[in-house]
Structure formats: structure tokens, C-alpha cells
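To keep things clear, I will list the structure first and then write my remarks on it.
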Amino acid sequence: MSICSRPLSTDITRRNFLYGTGASLGSVALSSLLAAEEGPLVPKKPMHPAKAKAVIMLFMEGGPSQVDTFDPKPKLKDLHLKDFVRKDKTASGMTNGERFYVGSPYEFIRAGRSGIPMCEHFRHLSAADVADELCVYRGCQAESVNHPTALYHMNTGNRFGGDPAIGSWVTYGLGSENQNMPGYVVMTELAQPQGGSGNWSNGYLPAYYQGTTLRSEGSPILDLSPPKWKSREHQRTNLDVLNKLNNAHLKDHPDHDALAARIENYELAYRMQMTVPDTLSLATESDATKEAYGLNEKDTESFGRKCLLARRMIEQGTRFVQIFAGGWDSHDFLERAHKKRIQSVDKPIAALIRDLKQRGMLDETLVVFTGEFGRTPDNTKRGGETALGRDHNNKAMSMFFAGGGTKAGHVVGETDEIGAEAVDVVHPIRDVHVTMLDLLGLDDSKLTYFHGGRSKQLSQFGGEVIKQLKA
């Protein structure tokens, strides 16, 4: 099976232009008019047997340090504060004598029966019932050391933005299991990640596949509930009139896919009023569940709430959920900064993995933990020892996977003795993307869209599955 689509044709039917799905209630979408057997987000069969049905992507924006999280380097402790030795100039243009090695300020533990190494501050993730579900990958290499381009690359496969996000490709290829829910949902902090909405854009895919963002404060989606004075019958009548006008306009502009998507956005919004409020409400969750996710603690409440909402949305049929957590760009005061960031996500992530497993969902849900790149084993000679940090590094990084057909309880790949560069099972970002699609039953070489005179794909020009990551 191959999915190779062209933009909307001139052969437009009522069903064709009622299709779509969007990005937050101003652009979200609804309709009992659409029969469930058709539509842009109707569930589609995978191209080959799939391990995973859905994805929860935990994005640590800023670049977590691999040598301070999941890739301990004792050699760095021996070299701590010694002049950094390198024949060529560093990425920042500084030569020997201007930089020094920085050993990790943390101790490492061997977690679970599998003995996966991780920083001492992962107190919850290191529990055996969680750690033994992880597949830590140390062989990925990025291409950019600048945050916006690196973020775009990890999220869309293109460093320069404008291309569809991986969540858009997944929903394009598989649809959504619940037509009353957005297929692709994004949760950010109050400050959006660098590059903004380009990180979850539909790019050149139809607008139906753009990520739906949930607000970090207040109501996750504005205007989700209708005014008290407006009944659903009133809404339906108004929507039918609006559709009639829009459809008449669309007949004169048959290639206007943005209008077709907008019509479906209104329709999905109508349907969502019946499903989403209950999904976004945590009132039915037990006190024990809320405690497990860290909702009762200041440092973990925000991220924990997002993780719990992610589980609820996946449970309701959303295909791809992405959560951004910033603050990992530790050029200085790394000991304090990384410790605080680890503690803010540790408990919620452990709870998410446990929760998915207890509900029988982990095998079919791919959990991905990553940043946009890693950090250097050295830094500039600025500030005192307490101000130590690390620069950006696109040659070495750590990420981990859980569930979804990945190899539980394993470490895959390796970096050199100081964590500066990946040296074993080395793959570019596009191969990580291809592997994620493969686990979902999608073939990157067949999941294409005709745009700009050629068929395009997530990997840009092809990639390979990282077999070592698969169970």
C-alpha cells in the first residue's frame, strides 16, 4: 500500500470539502454530517503489521546533556577543569586554552534488572518496573547546533521549517481512531519552543493535519463549551447555513483546500463539544493517580498534568500527542539547572509509563523522550566552578523509547570516552523518524505527498530503520 496524494482535485463533492481537522478551537473541527467511513482523519490500515498505534513524544527543549542524564563518562571526571585538547577549532571558534573539560556534577546509578545507567536524580524513572521498559539510544546525531533549526529538524525532518511535522505525517498516514477528537495534539509551556508553531505545522499537507495546541493556562481550548443561551440545535442550524455559504464559495474555488479544512474545522469543533470536555477534565481520576503524576507538587504539577492528559487523549483515540518542556539549555549553572529540570519531569514520566502499562496500553503506545541535540563535554572558561555548563553538540545525544515495539531494558549505541561523538550504531535524525514510522506500520518511502512538482516524504530523501531499537 502506498499513500501518494496530490492537492485537492477540481472534482469536489459535498463530502470532499467537508473534510479536515485543525489546531485549537479557533481552528479545530466537527460533524455528525460526515459519515465515519470517509474523511481525512478516518482510521486507515497500516502499510505493514504495526507494533504501535499511537505516539506520546516528550520533547525536552534546549538540549539535555547526554553525559549528565543517560551516558556517564568517568573519563570526564578525571579530566575535570583541565584544558580541552583538540587540534581543530571548536564549533564556537575557540582553540585550546580557552576551554576546559567539565565532568558531570552528578553520580550515576544502574537502574532496574537491566542496569541502565542514569543520573541519580531520576529517582522515579530508575525504579525497576519503569527502567526495564526503557530503550536508551546513544547513537543519534543531529545536523544543526542552533535551537530553531535543530528543533525543526527533529520535529519535521527539515532544518529550515515549512515541512509537515512528524505528527502530521502520522495522522496523514493512519488517521485518528476517534472522529470526535483531534488526531494530533500539542502541549507547550506558556512560552512556546523556539520556532513556534512551525514545529507542529502541517506544512504542505492539507490543513487537516496541523497539530491542535492546548493552552498551558486556563481553559485548554477556548470556547469549547457553547454559551448557555445557545442550544446544540441552534448551533447545528447556524453551522448548516455557514456550510451552505462556504460550499457555494468552494464551488468557485475548488482548489482552495484551506477553505475545505476550515469547514471541517467548524464541524470537528461541534463534535468535540461532546467528547473533549470530559477528556480534558481530571475530575474522574483518583487521588492516587493524581499523586502518582505529581499533580500535588509545585515542581511537577504542570508537566504531570500534561502527561496525564496525554494518556487520556491516547485512550480516547488521539493518534499523536507531543509535550514540550523547556529549560534544558544549560550553558552555565548546569548542576542546578539540569537537576531542577530532571526533577520536574522524572515523576510524571515514570507515572505515565506505569499507567500505560497497567492499562494494557504500553505495548501499542510508543513513548519517545528526546531533545533537539546534546551537549559538549567541555565549556568556555567563564565564571567560577559553580557556574559550569555545556555548549550545544550535534554529534552526540541521548534519547529513550518505551513501549510500541521497542527493545525494553536495553542501551543501544555508544559515544566516545568523553561523550563528544557517537561511535556505535550511529544514525542521523531521519533514521529515527523512519524507525518511528516503521513501528507504526508506515513505510517512509511510500508515505509521500505530491508537492512542488515531486513526491515528498518525512525523511526528505530516504532513510533506514534502526533495527537495534526494535524488539
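The values are calculated or read from the model by the stated rules, or taken from the named source; none is laboratory data. Nothing here was measured: the structure is a model prediction, and the numbers come from that model. As a convention, Cβ positions derive from the backbone with ideal geometry for all residues, glycine included, and neighbour counts pool all protein chains shown.
If you go through segment 140-187 and keep only what is more than 27 Å from Asp391 (Cα to Cα) and among the charged types (D, E, K, R), you end up with Asp163, Glu177. Restricting attention to segment 361-377, the residues being under 18 Å from Asp132 (Cβ atoms) and under 16 Å from the mean Cα position of the chain (by Cα) number 5. Does Ser126 count as of a type in the set (Gly, Ala, Ser), buried (at least 21 other Cβ atoms within 10 Å of the Cβ) and more than 25 Å from Ile466 (Cβ to Cβ)? Here the answer is no, as Ser126 does not meet what is asked.
Going through (1) more than 22 Å from Asn180 (Cα to Cα); (2) assigned to a loop (DSSP other than H, G, I, E, B) one by one, Thr318 falls short only on (1). Among the residues of segment 439-456, how many are part of a loop (DSSP other than H, G, I, E, B) and either more than 20 Å from Pro49 (Cα to Cα) or more than 21 Å from the chain's Cα centre (by Cα) (or both)? Looking only at that region, the number is 4. Within segment 150-174, residues that are free of Cβ contacts under 8 Å to residues at least 40 places away in the same chain sit with their Cβ atoms under 8 Å from residues that are part of a loop (DSSP other than H, G, I, E, B), at 6+ positions apart or across chains, in these pairs: Arg159/Glu143; Arg159/Ser144.
Of the strands (runs of 3 or more DSSP E) contained entirely in segment 92-161, those carrying at least 2 residues that are farther than 21 Å from Ser344 by Cα and at pLDDT below 95 fall at 99-101. Applying the condition of being touching a Ser or Thr at 6+ places or on another chain (Cβ under 7 Å) and part of a helix (DSSP H, G or I) to segment 390-438 and asking which residue is nearest to Phe100 (Cα to Cα) yields Arg430. The condition (being of a type in the set (A, V, I, L, M), free of Cβ contacts under 8 Å to residues at least 60 places away in the same chain and surrounded by 17 or more Cβ atoms within 10 Å (Cβ to Cβ)) is satisfied by just one residue among Val434, Val412: Val434. Based on what the data block shows, is Gly211 modelled with pLDDT of 75 or more, surrounded by fewer than 23 Cβ atoms within 10 Å (Cβ to Cβ) and either under 19 Å from the mean Cα position of the chain (by Cα) or not hydrophobic (A, V, I, L, M, F, W, C) (or both)? Judged against the criteria, Gly211 is not a match. Here is a check on your reading of the model: is Ala310 touching a strand residue (DSSP E or B) at 6+ places or on another chain (Cβ under 8 Å), in a helix (DSSP H, G or I), at pLDDT 85 or above and under 30 Å from Asp129 (Cα atoms)? Yes; evaluated as a whole, the condition is true for this residue. Here Leu469 fulfils each of the conditions (1) within 24 Å of Gly413 (Cα to Cα); (2) without any contact (Cβ under 8 Å) to a residue 24 or more places away in the chain apart from (2).
Among the residues here, Tyr266 qualifies as at pLDDT below 90, in a helix (DSSP H, G or I), surrounded by 16 or more Cβ atoms within 10 Å (Cβ to Cβ) and within 31 Å of the chain's Cα centre (by Cα). Scanning segment 319-360 for residues that are on the phi > 0 side of the Ramachandran plot and more than 18 Å from the chain's Cα centre (by Cα) yields Phe333, Gly360. From the list Ser398, Ser344, the one residue that fits, being surrounded by 24 or more Cβ atoms within 10 Å (Cβ to Cβ) and of a type in the set (S, T, N, Q), is Ser398. Taking the condition among the acidic types (Asp, Glu), out of contact with any Ser or Thr (no Cβ under 7 Å at 6 or more places or on another chain) and over 18 Å from Val368 (Cβ atoms), does Asp163 pass? It is false that Asp163 is among the acidic types (Asp, Glu), out of contact with any Ser or Thr (no Cβ under 7 Å at 6 or more places or on another chain) and over 18 Å from Val368 (Cβ atoms).
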